[in-house]
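The values are calculated or read from the model by the stated rules, or taken from the named source; none is laboratory data. Source: prediction; values computed, not measured. Every residue, glycine among them, receives a Cβ derived from its backbone with ideal geometry; neighbour counts consider all protein chains shown.
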Amino acid sequence: MNRDPDRLKQAAAYEAVKLVRSGMIVGLGHGTTAHHALVRLAQLIRDGGLRDVVGVACSTQVEREARALGIPLTTLDEHPVLDLTIDGADEVDPALNLIKGGGGALLREKIVAQASRREAIVADEGKLSPALGTRCALPVEVVPFGWGAQVRYLESLGAEVALRAGPGGEPFRTDHGNLILDCRFGPLADPHRLARELDGRAGIVAHGLFLGLATDLFVAGPSGVRHRERGCPPVV
């Protein structure tokens, strides 16, 4: 298989799209890897391979992309339970726990993931990690009011915190007008405990720990794409 990272992402995404069946309500993930699934899904709809498929987008950017590609959209208000979501991840541990949010859409991504019967993650081998936090920072979405207090709180938990900047150097804003603090904790011995500490803090809207949500992992490497389901042995 081609070793180009983008081609690996595409291969994993195309395999994940094979889970989609006609009539499904599908969560459309945000990010470069998930975009490959979006393009493939649109192609199958145009060609008639899939019928009556509608999507719920994980960001306003994905909404625009899906409309441009001709994918019909719906909302969680109209369809509160999704059959399948296909999304990417920034880091994946052996238990299929994830860090997400590198693209800034973590709040909607988590809402959609929690509403999905099945959450398929597509990634290349570079995203696999022995422990979350080993390879990337943890995004934490906070309301603008009093965000400095959240920095101090996160530092008290052991993080090195950086306010995410936008393309012009201004603070990055999410679809909901919030800020993102990128937090380097290092390898997390107990991500569930950290998630509870973050969930209980006023002003923290969402965090990038997606624990127990992924049901499937499609990971691409030089030897091909491997599919693992939750509860099966880790990909090695």
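Only one of these is within 17 Å of the chain's Cα centre (by Cα), of a type in the set (A, V, I, L, M) and surrounded by 20 or more Cβ atoms within 10 Å (Cβ to Cβ): Leu194, Leu188, Leu213. Name it. On inspection, the qualifying residue turns out to be Leu213. Once region 129-144 is narrowed to residues that are among the small types (Gly, Ala, Ser) and under 17 Å from Leu217 (Cβ atoms), the residue that is surrounded by the most Cβ atoms within 10 Å (Cβ to Cβ) is Ser129. Take Ala113 and tell me if it is in contact with a Cys (Cβ under 7 Å, 6 or more places away or on another chain) and among the small types (Gly, Ala, Ser). Spelling it out, it is not the case that Ala113 is in contact with a Cys (Cβ under 7 Å, 6 or more places away or on another chain) and among the small types (Gly, Ala, Ser).
Pick out the one residue from Arg152, Arg230, Arg226 that is among the basic types (Lys, Arg) and either in contact (Cβ under 8 Å) with a residue 12 or more places away in the chain or touching a Cys at 6+ places or on another chain (Cβ under 7 Å) (or both). Being among the basic types (Lys, Arg) and either in contact (Cβ under 8 Å) with a residue 12 or more places away in the chain or touching a Cys at 6+ places or on another chain (Cβ under 7 Å) (or both) holds for just one of Arg152, Arg230, Arg226, which is Arg230. Restricted to region 110-128, and to residues there that are of a type in the set (A, V, I, L, M) and assigned to a strand (DSSP E or B), the residue that is surrounded by the most Cβ atoms within 10 Å (Cβ to Cβ) is Val122. Take the residues of region 141-196 that are touching a Gly at 6+ places or on another chain (Cβ under 7 Å) and assigned to a strand (DSSP E or B): which is farthest from Lys100 (Cα to Cα)? Filtering first and then ranking leaves Val142. Applying the criterion of at least 3 residues that are modelled with pLDDT under 95 to the helices (runs of 4 or more DSSP H) found wholly in region 1-95 leaves 5-17, 32-47. Looking only at residues of region 59-98 that are surrounded by 14 or more Cβ atoms within 10 Å (Cβ to Cβ), of a type in the set (Gly, Ala, Ser) and out of contact with any Phe, Trp or Tyr (no Cβ under 8 Å at 6 or more places or on another chain), we find that the one that is farthest from Val39 (Cα to Cα) is Ala95. Give all pairs with beta carbons closer than 7 Å in which a residue from region 87-107 that is on the phi > 0 side of the Ramachandran plot meets a residue that is part of a loop (DSSP other than H, G, I, E, B) and β-branched (Val, Ile, Thr); count only pairs at least 6 apart in sequence or on separate chains. Qualifying pairs under 7 Å: Gly104/Thr174.
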